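Beneath this line is the structure, given in structure tokens, with notes to follow.
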Amino acid sequence: PAPDHAVIARDELRRVQAALDRLSPRCRQAVVLARIEELSRSEIARRMGVAEITVSQYVTQGICALADILYSEPPNVRRKK
């Protein structure tokens, strides 16, 4: 990639890492396992010692929080109907 694209990609990666760091430890773990390591919900549940539904809740909460952080919108703005 062109040097400017590499700089932009590094900046975006730093923003995502900083946003991940702001999540609760359990949400962060679930999001990383689900979206980065691409593990199944059942495998994540086994690793974390929680029910699969809890994994779903952690991932959903984590992804919503990441979107709020990365797009600088107040919590619940996009979820309001």
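The values are calculated or read from the model by the stated rules, or taken from the named source; none is laboratory data. Note that the structure is predicted; figures quoted are calculated from it, not measured. Here Cβ is always computed from backbone atoms with ideal geometry, including for glycine, and neighbour counts include all displayed protein chains. With ligands, DNA and RNA removed, areas are computed over all heavy atoms of the protein, side chains included. Shrake-Rupley method; radii C 1.70, N 1.55, O 1.52, S 1.80 Å.
Scan region 33-52 and tell me whether some residue there is in contact (Cβ under 8 Å) with a residue 24 or more places away in the chain, assigned to a helix (DSSP H, G or I) and open to solvent by less than 50 Å² (accessible area, probe 1.4 Å).
Yes: one or more hits.
Filter region 18-31 down to the residues that are in a helix (DSSP H, G or I) and surrounded by 10 or more Cβ atoms within 10 Å (Cβ to Cβ) and list them by number.
Ala18, Ala19, Leu20, Arg22, Arg26, Cys27, Arg28, Gln29, Ala30, Val31 - these are the residues of region 18-31 that are in a helix (DSSP H, G or I) and surrounded by 10 or more Cβ atoms within 10 Å (Cβ to Cβ).
Looking at (1) modelled with pLDDT under 95; (2) assigned to a helix (DSSP H, G or I), which one does Pro1 not meet, given that it meets all the others?
(2)
Do we find a residue being within 14 Å of Thr54 (Cβ to Cβ) and more than 9 Å from the chain's Cα centre (by Cα) anywhere in region 13-24?
yes
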